[in-house]
Amino acid sequence: VRVDVSSRTAIGVMLIMLFWALDGLLQFFAGENILVYPYLGDRVTGVFYPSHRLGIVLAIMSPVYFEALRQLSLKSRWAWLLLLPLIAAILLGGSRTSWILFAVSIAGYGAYHIMIAQGFRWASWLVRSAVVMGLAIFIVMQVGWLEDRVRGGLDIISSDYEDANRASSNRLPLWNTALTMASQNWLNGVGVRAFHYAYNDYAAHMRVMLFDHY
């Protein structure tokens with residue numbers, strides 16, 4: 001019974017996410033979504049208008065979407081095509097943070113799927129992944145501002161700190177400080193409400209260390 005409830009919940013969440021994704025695509029192609037929210041001309045907002053959080057929300061929740069598709073694929077071999085509107089909406093959301101979160105979600109769920117799958121079919125998985133990625137690249141190439149943003153985002157894997165920091169929208173110092181906080185408070189953290197205050201202390205300490213180094 002619990003498995004059935006879990007399966008239905010995952011599919012229900014997937015349907016909500018699919019609606020959000022399709023609504024975002026409608027906004028992109030028609031100029032406005034089902035709620036008559038206009039397309040801002042650079043990034044799709046969908047039901048979250050005027051906030052640009054559509055891509056981030058979809059990326060964070062994507063593992064649930066993947067699991068629902070896995071269950072549906074047991075009944076239909078074409079269920080994986082439902083990945084396309086999800087990927088398109090996340091890309092058109094224009095948030096580099098959402099792209100990073102989506103990549104992490106794919107890697108994490110991929111490892112999970114390999115562990116639970118019986119007789120994992122690498123050939124089938126690679127073919128489907130290639131088709132989806134090919135279509136995603138096609139989408140990117142059709143939208144000028146998105147192509148430029150993706151090209152800029154690829155600098156995040158650059159060995160040059162300044163290029164990587166610029167690609168991450170100057171978030172590398174934030175992430176480095178957060179990692180330092182986590183490593184020094186690995187047991188119970190600093191607390192959600194105390195993060196802001198603790199961050200300032202750690203950031204100031206790291207600046208002092210940097211100046212001392214030079």
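The values are calculated or read from the model by the stated rules, or taken from the named source; none is laboratory data. Everything numeric here is computed off the predicted structure, so don't read it as measured data. All Cβ positions, glycine included, derive from the backbone under ideal geometry; neighbour counts span all protein chains shown. Accessible surface areas use protein heavy atoms only, side chains included; no ligands, DNA or RNA. Shrake-Rupley method; radii C 1.70, N 1.55, O 1.52, S 1.80 Å.
What the table shows:
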{"item": "Positions within the range 58-74 being under 21 Å from V47 (Cβ atoms), open to solvent by 40 Å² or more (accessible area, probe 1.4 Å) and more than 8 Å from the chain's Cα centre (by Cα), in sequence order", "result": "M61, P63, V64"}
{"item": "The lone exception for I114 - which of (1) out of contact with any Phe, Trp or Tyr (no Cβ under 6 Å at 6 or more places or on another chain); (2) surrounded by 11 or more Cβ atoms within 10 Å (Cβ to Cβ); (3) modelled with pLDDT of 70 or more; (4) in a helix (DSSP H, G or I) it fails", "result": "(1)"}
{"item": "Any chance Y39 is under 30 Å from R171 (Cα atoms), free of Cβ contacts under 8 Å to residues at least 24 places away in the same chain and in contact with a Leu (Cβ under 8 Å, 6 or more places away or on another chain)", "result": "no"}
{"item": "Residues that are assigned to a helix (DSSP H, G or I) and open to solvent by less than 40 Å² (accessible area, probe 1.4 Å), drawn from the range 81-98", "result": "L83, P85, L86, I87, A88, A89, I90, L91, L92, T97, S98"}
{"item": "Tally of residues being among the β-branched types (V, I, T) and open to solvent by 80 Å² or more (accessible area, probe 1.4 Å) across the range 176-198", "result": "1"}
{"item": "Every residue from the range 39-48 that is open to solvent by 30 Å² or more (accessible area, probe 1.4 Å) and under 14 Å from A89 (Cα atoms)", "result": "Y39, D42, R43, V47, F48"}
{"item": "Residue count, the range 33-71 (criterion: of a type in the set (A, V, I, L, M) and farther than 20 Å from G108 by Cα)", "result": "7"}
{"item": "In the range 1-38, residue modelled with the highest pLDDT [restricted to those that are loosely packed, with under 15 Cβ neighbours inside 10 Å and among the acidic types (D, E)]", "result": "E32"}
{"item": "Index of the failed condition, R96 passing every other in (1) over 23 Å from the mean Cα position of the chain (by Cα); (2) of a type in the set (K, R); (3) modelled with pLDDT of 75 or more", "result": "(1)"}
